[in-house]
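Beneath this line is the structure, given in structure tokens, with notes to follow.
The values are calculated or read from the model by the stated rules, or taken from the named source; none is laboratory data. Computed from a prediction, not measured in an experiment: that's the story for all the values here. We place every Cβ from the backbone using ideal geometry, glycine too, and count neighbours over all the protein chains shown. What goes into the accessible areas is simple: the full protein's heavy atoms, side chains included, and nothing from ligands, DNA or RNA. Shrake-Rupley method; radii C 1.70, N 1.55, O 1.52, S 1.80 Å.
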Amino acid sequence: MVPSGRTLGVAVSGSHAYLASRWDGLQVIDVATPATPSLLASAHTPGQAVDIAVVGSHAFIADTYEGLRVIDVSSPASPSTVGSHTPDVHAVEVASSPQGYGYLAGSWGGLVVIDAITPASPVPIGSFDTP
């Protein structure tokens, strides 16, 4: 089975590639054998997943109008959403830091810095408006 949606973002951790798929949300691909990647699992998101960053056991997804989704990928075969935050931006890119902060870039609203140290309850702690 291959993802059916438009894949817009990819992050790799260990032997797994994590895809942000516009219509399908998160797709976890087993890439242990690079010549034959295979779909391992997926997790639907309510928006349109357009970018992804993976740090440790969590995937951070820019989910357009739905903001940030935090998905536990400690067991790649069964990813589950553990937290979310919907800021007043149209989230188009995401980055995360090992310290537990998420950075959402919006097509309007600029940058939103989110404290995701507790993944189940991410909260915005700063923003920078861009023209």
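Values as computed for the structure displayed
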item	result
Selection from region 32-48 of residues that are open to solvent by 40 Å² or more (accessible area, probe 1.4 Å) and not in a strand (DSSP E or B)	32, 33, 34, 35, 36, 37, 44, 46, 48
Residue within region 21-32 that is of a type in the set (Ser, Thr, Tyr), at pLDDT 95 or above, under 11 Å from the mean Cα position of the chain (by Cα) and closer than 23 Å to residue 67 by Cα present	no
Number of positions in region 59-72 that are open to solvent by 10 Å² or more (accessible area, probe 1.4 Å) and either in a loop (DSSP other than H, G, I, E, B) or farther than 19 Å from residue 7 by Cα (or both)	3
Search result, residues across region 73-100 that are open to solvent by 40 Å² or more (accessible area, probe 1.4 Å) and either within 19 Å of residue 23 (Cβ to Cβ) or not aliphatic (A, V, I, L, M) (or both)	74, 75, 78, 80, 81, 84, 86, 88, 92, 93, 98, 99
Condition met for residue 124 (open to solvent by 30 Å² or more (accessible area, probe 1.4 Å) and outside any strand (DSSP E or B))	no
For residue 10: the one exception among (1) in contact with a Ser or Thr (Cβ under 6 Å, 6 or more places away or on another chain); (2) in a strand (DSSP E or B)	(1)
